[in-house]
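Inspection log for the structure reproduced underneath, given as structure tokens.
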Amino acid sequence: MSYRIGLVGKPSVGKSSFFNAATMNDVPEGAYPFTTIDPSVGEAYVRVECAAPEFDETCSPNLGVCRDGTRFVPTKLVDVAGLIPGAHEGNGLGNQFLTDLNETDVLIHIVDFSGTTDSEGEPTAGHDPREDIDFLETELDMWYLDILEKGIESHETTYEGADAKIEVDLAEQMSAFKTNKDEIKQIILSLGLELDTDTWDADDREALAREIRKRTKPMLIAANKMDTPEAQANWDEITDDPDYDHLTFVPTSAHAEGALKTADDNGVVDYTPGDDDFEIIGDPSADQKAGLEQIREFIADYGGTGVQQAIETALFDVLGCIAVFPGSANGSDDTDGVFRDCFILPEEATTEDFAYFLHSDIGDGLLHGIDCRTERQVGADHDLTHRDVVEIVSTN
């Protein structure tokens, strides 16, 4: 499988610029509403330290590339359009927005931290980025609440005594969010609620919808336009606000990333995405060089442009995924090369999960795995960790 990272945000905050910078796909950019009318899907990459050098090997990636010991592993980036007030009620492109949103695994909310776009995406000054963060969370919460209410209604109208369990009915109603009855039950109890809808008031239902949303549609805030003084001032204030402790923030300049990638493609600079520096190798004009030096100062201060960091933080930290290399404990004489693959798996993936990920027949015939670093046998229920190198031994 390939994980899908959804980019969301109001018009004119730099969402399409972020998408283009991450994928270098040709998506229209513009400071007006609905620049992106249809969802665009592109290929972005996450960095993983390659395991091949530990085995005195040189990798031959099937997908992506390897630069100086860093693998760039592909993942899907989805530019989702249609976020306006009332999206959960179907306003604007609301229905399509929610459908496209639900096909993603984790969200990156692009927020203009400079405060220079208002709630409608029009130019302004002094807009509080917190309003945009709250707006999206509220839209999603109301979407979840609508579906939750339908599940509660179904449960109450088909109630069959002790055999009817609210967590089962809600999990069925909300199955599109990739949840299950055990998770729903745990969330209900974690909020101090009883497993009885008669005891829930309106606030309880909203709190439950909100918590399910946080668990099943995790989100990262890409604080865009951080190369401006206004954004930097807002960053200090917002990231210190305890109301947003549940969110992860990454300082970002999509403009800087796009400029560096374009300069790299044109042979002006040597730049690897995610790095906090670059080398000028071409002959830029005086104005170009001044602009590049401004970008250099920004990425030195913030550890990069933030675009690559946001994608990786969303996948590995917020969603909790791990990267695993298929390996061979006894080495390989494969003429096509070694360490060809690096796969992204869900957190808490086991040897058995990995075997089935590779192929259902391999999973059906699984005997055990081998940790290629220690050459020790690992069982089917062994929990894998980030950058494990595992050989799967199967009868198939």
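When the residues of the range 72-95 are filtered to those that are modelled with pLDDT of 70 or more and over 18 Å from Ile133 (Cα atoms), which remaining residue is most open to solvent (accessible area, probe 1.4 Å)?
Ranking the qualifying residues of the range 72-95, first place goes to Lys76.
When the residues of the range 132-181 are narrowed to those that are among the hydroxyl-bearing types (Ser, Thr, Tyr) and over 21 Å from Lys10 (Cβ atoms), which ends up most open to solvent (accessible area, probe 1.4 Å)?
Tyr159
Please identify the pairs in which a residue from the range 204-215 that is closer than 16 Å to Ile152 by Cα has its Cβ atom under 7 Å from the Cβ atom of a residue that is of a type in the set (S, T, N, Q), counting only partners at least 6 apart or on another chain.
Short answer, once both residue conditions are applied: Ile212/Thr179.
For the range 187-221, which positions are in contact with an Asp or Glu (Cβ under 8 Å, 6 or more places away or on another chain), open to solvent by 60 Å² or more (accessible area, probe 1.4 Å) and closer than 30 Å to Gln308 by Cβ?
Within the range 187-221, just Arg215 meets the criteria.
Return the pairs, sorted by first residue and then second, in which the second residue is modelled with pLDDT of 90 or more and hydroxyl-bearing (Ser, Thr, Tyr), the first residue lies in the range 140-165 and is closer than 16 Å to Ile212 by Cβ, the beta carbons are less than 7 Å apart, and the residues are 6+ apart or on different chains.
So the pair list comes out as Ile152/Thr197; His155/Thr197.
Can you tell me which residue among His386, His359 is modelled with pLDDT of 95 or more, closer than 24 Å to Ile311 by Cα, open to solvent by 80 Å² or more (accessible area, probe 1.4 Å) and not acidic (Asp, Glu)?
So the residue among His386, His359 that is modelled with pLDDT of 95 or more, closer than 24 Å to Ile311 by Cα, open to solvent by 80 Å² or more (accessible area, probe 1.4 Å) and not acidic (Asp, Glu) is His386.
Restricted to the range 252-264, and to residues that are of a type outside the set (Gly, Ala, Ser) and in contact (Cβ under 8 Å) with a residue 60 or more places away in the chain, which residue is most open to solvent (accessible area, probe 1.4 Å)?
Only one residue tops the list, namely His255.
Would you call Glu230 open to solvent by 70 Å² or more (accessible area, probe 1.4 Å), more than 25 Å from Gly6 (Cβ to Cβ), in contact (Cβ under 8 Å) with a residue 12 or more places away in the chain and part of a helix (DSSP H, G or I)?
Criteria met by Glu230.
Taking the condition surrounded by 15 or more Cβ atoms within 10 Å (Cβ to Cβ), more than 30 Å from Asn266 (Cβ to Cβ) and either at pLDDT 60 or above or among the basic types (Lys, Arg) (or both), does Ala44 pass?
The answer is no for Ala44.
Please determine whether any residue of the range 289-296 is part of a loop (DSSP other than H, G, I, E, B), open to solvent by 40 Å² or more (accessible area, probe 1.4 Å) and farther than 30 Å from Arg215 by Cα.
Checked against the condition, which is being part of a loop (DSSP other than H, G, I, E, B), open to solvent by 40 Å² or more (accessible area, probe 1.4 Å) and farther than 30 Å from Arg215 by Cα, the range 289-296 yields no hits at all.
Here are some residues: Thr351, Thr374. Which one is loosely packed, with under 13 Cβ neighbours inside 10 Å and of a type outside the set (Asp, Glu)?
Thr374
Restricted to the range 1-22, and to residues that are surrounded by 20 or more Cβ atoms within 10 Å (Cβ to Cβ) and of a type in the set (S, T, N, Q), which residue is modelled with the lowest pLDDT?
So the residue we want is Ser12.
So which residues in the range 265-288 are assigned to a helix (DSSP H, G or I) and surrounded by 14 or more Cβ atoms within 10 Å (Cβ to Cβ)?
Of everything in the range 265-288, just one residue is assigned to a helix (DSSP H, G or I) and surrounded by 14 or more Cβ atoms within 10 Å (Cβ to Cβ), namely Gln288.
The values are calculated or read from the model by the stated rules, or taken from the named source; none is laboratory data. Predicted, not measured: the structure shown is a model, and the values here were computed from it. Cβ coordinates were reconstructed from backbone atoms using ideal geometry, including for glycine residues, and neighbour counts include every protein chain displayed. Heads up: the accessible areas ignore ligands, DNA and RNA and are worked out on the full protein's heavy atoms, side chains in. Shrake-Rupley method; radii C 1.70, N 1.55, O 1.52, S 1.80 Å.
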